[in-house]
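Worksheet for the structure shown next.
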Amino acid sequence: MFSKKLVIWIFSILFVVIVLISTVFAFTLNKIDTEYTLIGDDDSKSIEIDEKLNSFLGKNLLFLNKKDIQTKINENPYTECLSVEKNFPDTITVKVRERRDVYLIEFDSEYYKTDENAFVLSSYSGSVTRNLIEFIFEGVTTSKPIPGQVLSLVGYQDILSSALKVAKSINLTDCVKKIKLIKTFSEPLLSFDLELYTYTGTTIIVKKFNDDGEKKAADAFA
């Protein structure tokens, strides 16, 4: 009786081991489908991303952490991993977009480029070109811009978010060369204005833009 139980126990263990080994090999990552939204036709961008993704080939799909893939792609501030989906038994689908230079921010006599969401992309030492919009802050300060992080407006992050929404709502083109966020009055009677300077010499002023600023900006540009 004892020997029979022992045999059953051994076979049970062997069965579990075989199942585990089969699972490991059955769900090995062999294919990566990548959907790109890139700016321009520079193949080096997709090649760089593919090299990072290929480092995950051969890993077990069951235990693969999607955040590890996102972190790897997001190492470059210009690339953002939008999503990672597991498609069993051996494939993942990854969506990646490229961030675009939009704003130029000055901090302690140094310049930094950000995207339309004030996500800091890189430091900058060149001249101001037409594809970059200077973003100036008056009466408020920002923390030191750090590539890979969103720009922080000290004490007024919600105001920065409102200003960015206003800028997006008017579909900024190459006509705007500078935006100035201005804090007026003093607490508790705070107010914030947004001035948009164009290459034609026209200045659009949006008073109290944090109060229905998107409509005010649309009316002003109209």
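The values are calculated or read from the model by the stated rules, or taken from the named source; none is laboratory data. Being a predicted model, the structure only gives us computed values, none of them experimental. Here the Cβ is made from the backbone with ideal geometry for all residues, glycine too, and neighbour counts use every protein chain on show. Heads up: the accessible areas ignore ligands, DNA and RNA and are worked out on the full protein's heavy atoms, side chains in. Shrake-Rupley method; radii C 1.70, N 1.55, O 1.52, S 1.80 Å.
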Quiz item: Are any of the residues in region 36-44 open to solvent by 30 Å² or more (accessible area, probe 1.4 Å), in contact with a Phe, Trp or Tyr (Cβ under 6 Å, 6 or more places away or on another chain) and either at pLDDT 95 or above or outside any strand (DSSP E or B) (or both)?
Solution: no
Quiz item: So how many residues does region 98-116 have that are out of contact with any strand residue (DSSP E or B) (no Cβ under 7 Å at 6 or more places or on another chain) and in a loop (DSSP other than H, G, I, E, B)?
Solution: 4
Quiz item: For Ser127, are the conditions met, namely being open to solvent by 60 Å² or more (accessible area, probe 1.4 Å), in a loop (DSSP other than H, G, I, E, B) and without any contact (Cβ under 8 Å) to a residue 40 or more places away in the chain?
Solution: yes
Self-check item: Verdict on Glu195 being open to solvent by less than 60 Å² (accessible area, probe 1.4 Å) and of a type in the set (Asp, Glu)
Solution: yes
Quiz prompt | Among residues of region 65-84, those that are of a type in the set (A, V, I, L, M, F, W, C) and surrounded by fewer than 16 Cβ atoms within 10 Å (Cβ to Cβ), counted | solution = 1
Quiz item: Somewhere in region 134-143, is a residue over 21 Å from Phe192 (Cβ atoms), open to solvent by less than 70 Å² (accessible area, probe 1.4 Å), over 11 Å from the mean Cα position of the chain (by Cα) and among the hydroxyl-bearing types (Ser, Thr, Tyr)?
Solution: no
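Table: residues versus (1) within 28 Å of Pro77 (Cα to Cα); (2) in a loop (DSSP other than H, G, I, E, B); (3) touching a Gly at 6+ places or on another chain (Cβ under 7 Å); (4) at pLDDT below 95.
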site	(1), (2), (3), (4)
Asn131	yes, yes, no, yes
Ile136	yes, no, no, no
Lys144	yes, yes, no, no
Lys177	yes, no, no, yes
Leu181	yes, no, no, no
Ile205	no, no, no, yes
Lys208	no, yes, no, yes
Lys215	no, no, no, yes
Ala218	no, no, no, yes
Exercise. Mind listing whichever residues of region 85-97 are open to solvent by 30 Å² or more (accessible area, probe 1.4 Å) and either within 17 Å of Phe119 (Cβ to Cβ) or part of a loop (DSSP other than H, G, I, E, B) (or both)?
Key: Phe88, Pro89, Asp90, Arg97
Practice problem: Check Ala163 against each of (1) on the phi < 0 side of the Ramachandran plot; (2) surrounded by 12 or more Cβ atoms within 10 Å (Cβ to Cβ); (3) part of a loop (DSSP other than H, G, I, E, B); (4) in contact (Cβ under 8 Å) with a residue 40 or more places away in the chain and name the one condition it does not meet. | Solution: (3)
Exercise. Would you please list the contacts, defined by Cβ atoms under 8 Å and residues six or more apart or on different chains, that run from a residue in region 52-68 that is in a strand (DSSP E or B) to a residue that is of a type in the set (A, V, I, L, M) and at pLDDT below 95?
Key: Asn60/Val24; Asn60/Leu29
Quiz item: Just checking, which of Ile205, Ile179 is open to solvent by 80 Å² or more (accessible area, probe 1.4 Å) and touching an Asp or Glu at 6+ places or on another chain (Cβ under 9 Å)?
Solution: Ile205
Quiz item: Going by the conditions given, is Glu195 part of a strand (DSSP E or B), touching a residue at least 12 places away in the same chain (Cβ under 8 Å) and touching a Ser or Thr at 6+ places or on another chain (Cβ under 7 Å)?
Solution: yes
